[in-house]
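K.L.:
Sharing a structure here in structure tokens format.
The values are calculated or read from the model by the stated rules, or taken from the named source; none is laboratory data. Predicted model, so just to flag it, every value in this text is computed and none were measured. Here Cβ is always computed from backbone atoms with ideal geometry, including for glycine, and neighbour counts include all displayed protein chains. These area figures cover heavy atoms from the full protein model, side chains too; ligands, DNA and RNA do not enter into them. Shrake-Rupley method; radii C 1.70, N 1.55, O 1.52, S 1.80 Å.
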Amino acid sequence: STEAVVSTQSTGTCLDVARSTVLSGRARCVLIVTVDVCTTHMNSDQTLDMETILPNLLFGDGAGSVLITSQQEEGSWRISEPTCVLMGEDTSNQIAMQVRGNSYYLSLSKDLVPTLHTMLSELWAGVVKSMTKTSDPEEVEWLIHPGGRAIMDIFTKQDPPLSQHSLRHSWQVMREKGNLVSATLVFVLELMLNKPEKDMACLVGPGPGLEVKFMKIDRV
């Protein structure tokens, strides 16, 4: 079989590539389109046991787009270089996907949430301060990939914790659209840009590796 990955942090990767492309002068604008058709994960070629069905029920089909330009006008937002944190070499199999025939086989480890919680706790305060230049997370808008209640709760149990208000955009997307994999953070970003309360925001996307990607954007 061929190995593949399902990336809930690919929005951050795409924003970083677009940022580098614009800054290098290779293009004045870059259109990002994120698309996931998760219904292809379920196929008659697969054995439909509970181990196969449950992980695939967490995701839905969706698409989103973002236009990145070199123009800096008052009120526009600037993208900073991301920070990527690898959660450990022995965590690479906790989010995995394989291409098998005409479909995908997705597996999620039962240890994913506790592993992410434990390892994130060890570096959370330092990442928050280095990314945002403040030790108070309430001074920043937080755009967390809403991968489910257990994932969201991880961030309310950190030191310092994120409030439910800080997670309001992520909760709204999870309630209204669910987990759309790569497109999900685009919807969270849209909600924040339509009604920002702060001049700085931080995108956070856990994904395969096991890796967490942090990206800061701030208002010009």
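K.L.:
Can you find, among Asn93, Leu23, Thr40, the residue sitting farthest towards the positive end of the charge dipole of the chain, where Lys and Arg contribute +1 and Asp and Glu -1 at Cβ?
P.N.:
The Cα lying farthest towards the positive end belongs to Leu23.
K.L.:
At q = 0.10, 0.11, 0.15 Å⁻¹, what is the log10 ratio I(q)/I(0) for the chain, with the Debye formula run over Cα points and no solvent?
P.N.:
The computed values of log10 I(q)/I(0) come out as -0.45, -0.54, -1.00.
K.L.:
How much length is gained on full extension from Lys129 to Val17, taking 0.36 nm per residue of separation minus their Cα-Cα distance?
P.N.:
Roughly 37.9 nm would be gained on extension.
K.L.:
When the helices in the chain are scored as -39500 (n - 2.57) per DSSP H run of 4 or longer and the sum is shared across all residues, what 222 nm value do you end up with, to the nearest 500 deg cm²/dmol?
P.N.:
Helix contribution divided over all residues of the chain: -10000 deg cm²/dmol.
K.L.:
Starting from the Kirkwood Rh over alpha-carbon pairs, what translational D in µm² s⁻¹ does the range 129-170 have by Stokes-Einstein at 20 °C and 1.002 mPa s?
P.N.:
Translational diffusion coefficient: 201 µm²/s.
K.L.:
Over the range 109-212, give the accessible area per residue in Å² for a 1.4 Å probe, as an integer.
P.N.:
42
K.L.:
How high is the relative contact order of the chain? Use alpha-carbon pairs under 8 Å, at least six apart in sequence, and give a whole percent.
P.N.:
33
K.L.:
Related question: State the percentage of accessible surface on the chain attributable to carbon and sulfur atoms; use a 1.4 Å probe and exclude ligands, DNA and RNA.
P.N.:
52
K.L.:
Now a separate question. Please give the Cα centre distance for the range 65-87 versus the range 124-140, rounded to the nearest Å.
P.N.:
The range 65-87 and the range 124-140 have Cα centres spaced 18 Å from each other.
K.L.:
I would also like to ask the following. How would the range 105-208 be classified by its alpha-carbon gyration tensor: rounded, prolate or oblate, with rounded meaning a/c under 1.5 and the a/b versus b/c comparison settling the rest?
P.N.:
oblate
K.L.:
To continue, here is another question. Is there a pair in Lys129/Lys177; Lys110/Lys216; Lys110/Lys195; Lys177/Lys198 whose C-alpha atoms are over 27 Å apart, and which pairs would that be?
P.N.:
Distance filter (> 27 Å) returns Lys129/Lys177; Lys110/Lys216; Lys110/Lys195.
K.L.:
Quick one: dipole size for the chain, taken about the Cα centre, charges +1 on Lys/Arg Cβ and -1 on Asp/Glu Cβ, in debye to the nearest 20.
P.N.:
460
K.L.:
Moving to a separate point now. Any idea how far apart Gln164 and Asp90 come out in nm if each label point goes 7 Å out from Cα toward Cβ?
P.N.:
If labels sit at Gln164 and Asp90, their model points lie 3.7 nm apart.
K.L.:
With each label point set 7 Å from Cα along the Cα-Cβ vector, what nm distance links Val220 and Ser65?
P.N.:
It is 2.2 nm.
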